[in-house]
Amino acid sequence: MSSTLKSVARQLRAVWMLLLVGVILSIASPVFLTSTNLLNVGLATSVVALLAIGQTYIIILAEIDLSVGATLGFSSVVTALVLRDHGLLPALAAGLGVGAAVGLVNGLLVTRARMPSFIATLAMMSILSGMTLQLTDGNPVTIGDYDFQGIGQDYLAGIPVPVWVMVAGYAVFGVLLARTGFGRFVYATGDNLEAARLSGIRTRRVKVLAFVITGLLAALGGFILTARLSTAEPTAGTGLELESIAAVIIGGTSLAGGRGKLLGTLVGALVLGVIDNGMNLLDVSPFLQSVVKGVVILLAVFLDRNVDALRSMVAWRRPPLPSDPSTPDAVPASSPVPAARHTP
Amino acid sequence: MSSTLKSVARQLRAVWMLLLVGVILSIASPVFLTSTNLLNVGLATSVVALLAIGQTYIIILAEIDLSVGATLGFSSVVTALVLRDHGLLPALAAGLGVGAAVGLVNGLLVTRARMPSFIATLAMMSILSGMTLQLTDGNPVTIGDYDFQGIGQDYLAGIPVPVWVMVAGYAVFGVLLARTGFGRFVYATGDNLEAARLSGIRTRRVKVLAFVITGLLAALGGFILTARLSTAEPTAGTGLELESIAAVIIGGTSLAGGRGKLLGTLVGALVLGVIDNGMNLLDVSPFLQSVVKGVVILLAVFLDRNVDALRSMVAWRRPPLPSDPSTPDAVPASSPVPAARHTP
Amino acid sequence: SRGSQNAASGASPGKASGNKSATLIMSTLNNPFFVSVGNGARSQAAKSGVKLSVQNANNSDSTALNLATTAISKQVGALIIDPVSSTSATASVKQANNANIPVMAFDRKPDSGTLSSFIGYDAIQAGRNAADALAKSLGEKGTIVEIQGLLGTNVAQDRSKGFEEEIATYPKIKTVAKQAADFDRAKALDVMTNILQAHPSIDGVYAANDEMAMGALAALKSRSLAGKVRLVGNDGIADALAAVQDGTMYATNAESPYALGQKVVSLTGNVLGGKKVAAEETLQGKLVTKSNVKAYARYLVGIGDSADVPAALR
Amino acid sequence: MRLRLQDVTKSFGENSVLRGVTFEVGPGEVVALAGENGAGKSTLTRVISGAHQPDSGQVVIDDEPVTFKNPQAAMARGIEVIYQEFRQNLFPHLTVAENIHVLDRERRFGRLLVSRQRMAREARSALAALGMDDIDVLRPVGTLGVAQQQMVEIAKATSHDLRLLILDEPTAALDERESQQLFEQIRRLRAEGVSIVYISHRLDEIFELADRIVVLRDGLVALDSPTASTGPAQIVAAMVGSTVDNFYPKERNTGDQVVLRVRGAGSGSAFQGIDLDVRAGEVLGVGGVVGCGRSSLLRALFGLEPLTTGTVEVDGSPVPLRRIQDAIDSRIAYVTPDRQAEGLCPDLSVEANISLATLRRYTGPADLVRRDREREACGEVMSRLRVRTASREAAMTSLSGGNQQKALFAKWVLAGPRVLLLDEPTRGVDVGAKTEIYRIINQLTADGVAVVLVSSDLPELVAMSDRAVVMRQGRLVAEMAGDRLSEQSVLEHALVGAA
Ligand SMILES: Nc1ncnc2c1ncn2[C@@H]1O[C@H](COP(=O)(O)OP(=O)(O)OP(=O)(O)O)[C@@H](O)[C@H]1O
Ligand SMILES: Nc1ncnc2c1ncn2[C@@H]1O[C@H](COP(=O)(O)OP(=O)(O)OP(=O)(O)O)[C@@H](O)[C@H]1O
Ligand SMILES: [Mg+2]
Ligand SMILES: [Mg+2]
């Protein structure tokens, strides 16, 4: 099987999960399959889906970004404050600038200060959420600007602008990842850092760039969230880091790096969105919602992993770990690079 | 330098950080260095410190457990419910049983169902927090039992029981990790899963056991929290997963697995506890507290990493990554094991 | 007795030492309501000459307890707590009791322990008020939706309890959906959007706080249902007052957080000054509808809380 | 290209690896670089390629001193390196085509968007030039065999405008036939005027290929002379500082008792119908080309891969072999071919590594490790095998390659095996250390251990085996001993019908 075919099959697994959930829901609720409801799912998914784009880049690079939610919150508040005082364009520039700056700092902490991304971005999350509250004194910042609100509330050709933004984001960054030299560098760096370096790839630059992209997309997600609510909440984005990581993993990207497709992430984000939507439609007890969500995530990833194992058992290649199949690509695993240095 | 010496030096770095923060605080606040306040720090740290014990085992095994906080919450509520209806011993047994069961499920998901621990325990966290709410209908369960309250509120020889429990936990599990065959297997499995397996170590069993230990310690932490508050709160434990991971990393354990000492984790937990305590004593603005905390974490880990680099630059052994120092042991990195299996 | 060995025991109460310091432990500060409580408290502290330190428990019971323990070992003159939950606050109160430090509580009443005073809005009553207001506005019949707060937290549980008990007394009102949105505006927007899919023709919505009410309102607006569907919230934050004023929201059970903060600190000042204070003071929320929103705004400005008054009403 | 190294020094901390290396490689010249493990050959490679910067001294290209800040700068000058741990230099999840063209400096496949078809086409022709047209360029590299991976690495290096090629032990993973294919390419490149630095521990290869031989020792050039006027003994003397009179100190210890008996063993498509009898003190060599199934056989005998048919007996009692534990219980030991990936725990101490498989012998009450006993046992085996280390508590990483290999041996010697399975036991090990490993094998056979030896180093296989079998496409095709056992005969049987 060619690599392309296989990767499609991998994505298809997430798609199957989406279809499965979709079919169950369309039987259970007559509303589910209406176009308005599906657009609502798209709308509700858009922010997480945008964050998950950057997170996919980061995870393919074998890193992780726990600060995306806090970046979204911080840049939202900055955007709203600048919008209030200086108007639309400066506000958008400021928001994106803040997102890029946070990404840059994350990237430098990881590549230059040699910190594990898990802890660097965790600390960054703490710092940013404090700064956001400090900046606004804990109060939301109301948005009066109609143009800005349009980013979240307008429709184009019957489809909400956030859905367009999401689709555009996936198109642009999907092509960037799959079809450009930079995208290949991302895969290569995540797959084998040392080899990438020795092949002449500027791996640190690649990583920093990916963090900056992630920051920019978090800012973009912040615009949408802020515009939808007509207000920038200082607590906006809380918890979205884990949600975005879940979307990436459900989408079939491996936390070990080097593998994954952006389309899978979109499907992963939609799976999560559909579950939320369905549980609301069916009025599932709020207590049980998180149980159901957890179970569906387990199921999705379990299927993903074990179809893998099954397939490779019948295929020409050796199974990942013939006799001890414990977490072939669990996070975190020691990298091949430290291994390399053990042999003089 | 011997490996033991090296590891002591590694721990010493966390100790230095602790001392540094401690010295600054004792100058800034006259109250800081009083014995009551120090005991308060111990008391406040005890729960996170207990969770961080298990988390250390898990991280040395190159896995991660995001469900410890939710396990604590769930087992607390179960303990409180059984305590109300059946008395102390059954309650303790039930609490520990629940903790162990959750750990077992986590362990099996990771080793048998081959799921990355990040996502398996994330889903578990979601499931458990839902079940906790479901079980209590969202209400706290009040504890009337004086004996049970004693676990959190009594003093022994002038020192609070939770501090004793914490110390005992570190002693027992410190010896288990550093001095027993099982402990050796934990390091070996985390360092190189395949090599451990080929040496006849039952690596899956080791992992499952570590998850069970983590679950048990989460239950123990739950006893203390519940007893201190005289009530089992359904939201108890939220956020402690990241706090416990931060303690482990500040303590010098590498997310890449195979390295780390339990004593370092204790120091890491105390660093976090002292920061919190100090900021309260100094009446730092609540919003700035999370900023300060993030910065101190960054600083602690930055020093840790870069003293490392510095030292190995003057020492006999190769630095983690001589010319491209990006994240020598970032989470997650592709493991040497998948690489191994590509070789017929 | 438990905790008596805490070395802070024997510390003299504030009134004897002339210690005019107090620590206020907020359950959270990530929410405009509580931020406003803090602001009210600070403004009053300046007036009453109390040296006030405001701390944030981040909705964590154990953090709250740790903060209380720290404050007690600092030997503050008085401890003011805004319990994360009424059960878990007991431990803090008892510790302060043992250390002879006067404790005030507000918003939620600790289940036991000795308080110098308790001042609070009654969360169960708040839920009842909202239920009554919503029922009345609907002519006591119709279909409604309840949006709950962060489950497992005291306010969410109590407001929901009050609301459900009271709404049950209106047999012709039917709750068609009950979902949680964690007191979060963005979550409420998505939840309400989804609910409107399943139930496009509801008559009323109760959101357990105004943040969620604003989220729900955004969802209603996108379906052009704002003003048509009766929306009742809780708290009386500025955005909600503005929405009530422009008719997109029916009512909010306003519980001026600023006034609460002021009240608490002024009572604390009395306690520290050795004056006698009432053991319990329950503040009643004020149902603010379009008819009295201007008056309510004037009241807020009057107490110095213009920050919580929307521009349109200033 | 004319490359000249002028007094190059490089140290890592206190460890001065290169202490003033000077030599030259002319255009169209093949220079072999030899030296003990840890002599600094790979370090030198990395200095030339810009992966390391020299502390002092100069790299001079065509009379122009250059400083390469990073590998890209060196590549821009047409310098390509096939690094020693070549698998570490490939991207297992990327396709063959993507691996070969990962950098695409010239943006040959589109300025913005990459044309995958064109990339695949060029990759195919690059491989075809190496005689490897059978590799599917759309397969992920991780799914290829080692030898094919090595070929991809070579294609990757040669697909650029090439002026200097450095190969660091390229044949460690190749069999005879593939090595020959590689040599052909090297000769072709030389004819095109490409300068070549060839690093190897195999003297026969050096003599076959090189125009000149440079030996590194203690960070200095110990020998620099034309191949034609140099003999093996001279090289070895330059490498280790003393003469080694016997590379293969083979002792014959074969007894009568059959220790390992295999009947009708088969595992899927990897191998079928294998019958073996290995006697006490006997070394049974297994020959064959890459992919013939001999590694799989060894893995199966250790319980790592399922044995679908057949039986295995050790000392007359059947071994179930459902998992590794079964093999260990039957006193089978297995020295893995890849010490990094599956042999050693890099961060654990040398001692902990050595005692890992036998730890249960040193644990007392409450599972506590009796450190005194552990230390005693490890110390004994380490001195017996002459494992050289600064301290037994030093991390495994700090040992040189040869000593790591000996430590891996020590782990299994300590287990007191009856059957010892060796797969490429001297891969990447220098001449001196190799001889020590052979002595260990002698000691074990003297104690009556039955040894199965898999090695692609033919002289080693022939010299160290008492008897050898040859596998082809998963089956035993020949058995030879005594005078009939020669490199030529092993090769003939291994290659017949293949290629
Ligand atoms: N990045 C590094 N940091 C510290 N020490 C290093 C580094 N690279 C190499 N060394 C040390 O330099 C010495 C030479 O190593 P090198 O890999 O160059 O040897 P080699 O000649 O290639 O050996 P082999 O034949 O085993 O491949 C060894 O002692 C090694 O431990
Ligand atoms: N578990 C397995 N599943 C599928 N194919 C396998 C498996 N194990 C081995 N093979 C295949 O069987 C063949 C024999 O492999 P083996 O590793 O035994 O060869 P080898 O001769 O030892 O090669 P090398 O010299 O490279 O080590 C190879 O083509 C390999 O890809
Ligand atoms: Mg080398
Ligand atoms: Mg082999």
Next on the checklist: Name the single residue that is nearest to D:Val194 (Cα to Cα) among those in the stretch D:13-31 being in a strand (DSSP E or B) and free of Cβ contacts under 8 Å to residues at least 24 places away in the same chain.
Outcome noted: D:Glu24
Checklist outcome for this item: Those residues of the stretch D:25-79 that are within 20 Å of A:Ser199 (Cβ to Cβ) and under 21 Å from the mean Cα position of the chain (by Cα) come to a total of 5
Checklist entry - So, of the residues in the stretch D:29-47 that are more than 14 Å from chain B (Cβ to nearest Cβ) and among the β-branched types (Val, Ile, Thr), which turns out to be farthest from ligand 4 (Cβ to nearest atom)? => result D:Val31
Checklist entry - Can B:Val163 be described as surrounded by fewer than 23 Cβ atoms within 10 Å (Cβ to Cβ) and closer than 30 Å to A:Ile297 by Cβ? => result no
Next on the checklist: Between a residue in the stretch A:90-108 that is closer than 8 Å to A:Ser75 by Cβ and any residue that is not in a helix (DSSP H, G or I), which pairs come within a Cβ distance under 9 Å, given they are 6 or more apart or on different chains?
Outcome noted: A:Val102/A:Ser67
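Examine the stretch D:387-408 for a residue that is part of a helix (DSSP H, G or I) and more than 16 Å from ligand 1 (Cβ to nearest atom), and state whether such a residue exists.
no
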Next on the checklist: Regarding the stretch B:65-83, can at least one residue be identified that is surrounded by fewer than 24 Cβ atoms within 10 Å (Cβ to Cβ), more than 11 Å from every other protein chain (Cβ to nearest Cβ) and part of a helix (DSSP H, G or I)?
Outcome noted: yes
Checklist entry - Looking at (1) under 23 Å from D:Gln473 (Cα atoms); (2) of a type in the set (A, V, I, L, M, F, W, C); (3) touching a helix residue (DSSP H, G or I) at 6+ places or on another chain (Cβ under 9 Å), which is the only condition D:Leu298 fails? => result (3)
Checklist entry - Of the numbered conditions (1) farther than 19 Å from A:Ala91 by Cα; (2) free of Cβ contacts under 8 Å to residues at least 24 places away in the same chain; (3) of a type outside the set (Lys, Arg), A:Tyr146 satisfies every one except a single condition; which is it? => result (1)
Checklist entry - Of the residues D:Val283, D:Val244, D:Val319, which single one is modelled with pLDDT of 95 or more and either away from ligand 4 (no atom under 16 Å from the Cβ) or charged (D, E, K, R) (or both)? => result D:Val283
Checklist entry - A:Glu243 passes all but one of (1) among the acidic types (Asp, Glu); (2) closer than 19 Å to A:Leu50 by Cα; (3) without any contact (Cβ under 8 Å) to a residue 60 or more places away in the chain; which number fails? => result (3)
Next on the checklist: more than 16 Å from ligand 1 (Cβ to nearest atom) and facing chain B (nearest Cβ under 9 Å): is that true of D:Arg322 in this structure?
Outcome noted: no
Item to check | Condition broken by C:Lys275, with the remaining ones in (1) on the phi < 0 side of the Ramachandran plot; (2) touching a residue at least 40 places away in the same chain (Cβ under 8 Å) satisfied | outcome: (2)
Checklist outcome for this item: Per the filter on the stretch A:190-243, residues within 16 Å of the chain's Cα centre (by Cα) and of a type in the set (Ser, Thr, Tyr) are A:Thr214, A:Thr238
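Do any strands (runs of 3 or more DSSP E) lying entirely in the stretch D:177-290 carry at least 1 residues that are surrounded by fewer than 15 Cβ atoms within 10 Å (Cβ to Cβ) and of a type outside the set (A, V, I, L, M), and which ones are they?
Counting at least 1 such residues, we get D:220-226, D:258-267, D:271-279.
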Checklist outcome for this item: Note on the stretch C:240-268: residues within 14 Å of another protein chain (Cβ to nearest Cβ) and crowded, with 24+ Cβ neighbours inside 10 Å are C:Ala240, C:Leu241, C:Ala243, C:Met249, C:Pro257, C:Tyr258, C:Gly261
Next on the checklist: Would you confirm whether or not the stretch B:207-215 contains a residue that is in contact with a helix residue (DSSP H, G or I) (Cβ under 9 Å, 6 or more places away or on another chain), buried (at least 24 other Cβ atoms within 10 Å of the Cβ), of a type in the set (A, V, I, L, M) and without any contact (Cβ under 8 Å) to a residue 40 or more places away in the chain?
Outcome noted: no
Checklist outcome for this item: Those residues of the stretch D:298-348 which are crowded, with 23+ Cβ neighbours inside 10 Å and over 25 Å from D:Gly268 (Cβ atoms) amount to D:Arg339, D:Gln340, D:Leu344, D:Cys345, D:Pro346, D:Asp347, D:Leu348
Next on the checklist: Among the residues of the stretch D:15-28, are any within 11 Å of chain A (Cβ to nearest Cβ) and crowded, with 22+ Cβ neighbours inside 10 Å?
Outcome noted: yes
Checklist outcome for this item: Within the stretch A:200-237, the residues that are among the small types (Gly, Ala, Ser) and within 14 Å of chain D (Cβ to nearest Cβ) are A:Gly200
Item to check | Residue selected from the stretch D:429-460 under the condition within 14 Å of ligand 2 (Cβ to nearest atom) and small (Gly, Ala, Ser), by the criterion surrounded by the fewest Cβ atoms within 10 Å (Cβ to Cβ) | outcome: D:Ser455
Checklist entry - When you go through (1) surrounded by fewer than 24 Cβ atoms within 10 Å (Cβ to Cβ); (2) touching a strand residue (DSSP E or B) at 6+ places or on another chain (Cβ under 6 Å); (3) assigned to a helix (DSSP H, G or I) one by one for C:Leu287, which number turns out not to apply? => result (3)
Next on the checklist: Please determine whether any residue of the stretch D:362-376 is away from ligand 3 (no atom under 16 Å from the Cβ), more than 11 Å from every other protein chain (Cβ to nearest Cβ) and not in a helix (DSSP H, G or I).
Outcome noted: no
Next on the checklist: Quick check on the stretch D:125-173: of everything there that is over 20 Å from D:Ala74 (Cα atoms) and among the polar types (S, T, N, Q), which residue is farthest from ligand 3 (Cβ to nearest atom)?
Outcome noted: D:Ser125
Item to check | The listed residue being surrounded by fewer than 21 Cβ atoms within 10 Å (Cβ to Cβ) and under 26 Å from the mean Cα position of the chain (by Cα), out of D:Gly131, D:Gly110 | outcome: D:Gly131
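The values are calculated or read from the model by the stated rules, or taken from the named source; none is laboratory data. All of these numbers come straight from a predicted model, not from anything done at the bench. Positions of Cβ are generated from backbone atoms using ideal geometry, with glycine treated the same way; all protein chains shown enter the neighbour counts.
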